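To keep things clear, I will list the structure first and then write my remarks on it.
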Amino acid sequence: MTKAAASMSKAIKVSIGGKELTLRGENEEKIKKAVREVNLQIQQIQQSLPEQSTPTMSLLAALNLAERYIDAEDGRKSDSLLVTEELNKMSAYLERAWKTPL
């Protein structure tokens, strides 16, 4: 991290799975939103698997979030392909319409 980047980030105190941490980042709201998501995942796992240790629940939460990220990325790629295909169809249609005499 460059000195400029380090000076732009700020210390943000959060609690994840009951553990107090100080994180560094530029966007406090984004970090807090991510912390809420992690805590929500941990709480859901605690409810369904109360016998699991905190480290295990943390790993399962990380895996759940990684899977959601991958699903979202796959969806984004699929949406992008669909939009590209539709734009290509529209472009071909407009080209044909342009070349067709009235």
In the chain, taking the dipole from +1 charges on Lys and Arg beta carbons and -1 charges on Asp and Glu beta carbons about the Cα centre, the listed residue (8, 83, 39) farthest towards the positive end is 8
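With N set to the residue count of the stretch 3-72, report its C-alpha Rg divided by 2.2 N^0.38 Å to two decimal places.
Relative to the 2.2 N^0.38 Å estimate, the stretch 3-72 comes out at 1.26.
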Note on the chain: contact order normalised by length, alpha-carbon pairs under 8 Å, 6 or more apart, percent, works out to 16
Could you pull out the GluC sites (Glu not before Pro) across the stretch 33-102 that fall in loop regions by DSSP (anything but H, G, I, E, B) with no more than 16 other Cβ atoms inside 10 Å?
-> 51
Mind checking which of 60, 49, 82 has the largest fluctuation in a GNM of the chain, springs on alpha carbons under 10 Å?
-> 82
Assign unit charges at the C-beta atoms only (+1 for Lys and Arg, -1 for Asp and Glu), then state the dipole size of the stretch 3-72 relative to its Cα centre in Debye, rounded to the nearest 20.
-> 380
Working from Cα positions, state the angle (0 to 90°, nearest 10) between the long axis of helix 28-48 and the longest principal axis of the chain.
-> 70
Counted charge near residue 80, where neighbours are those whose Cβ lies closer than 14 Å (Asp, Glu -1; Lys, Arg +1) = -3
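We did not get these values from a lab; they are worked out from the coordinates using the rules stated. Source: prediction; values computed, not measured. Every residue, glycine among them, receives a Cβ derived from its backbone with ideal geometry; neighbour counts consider all protein chains shown.
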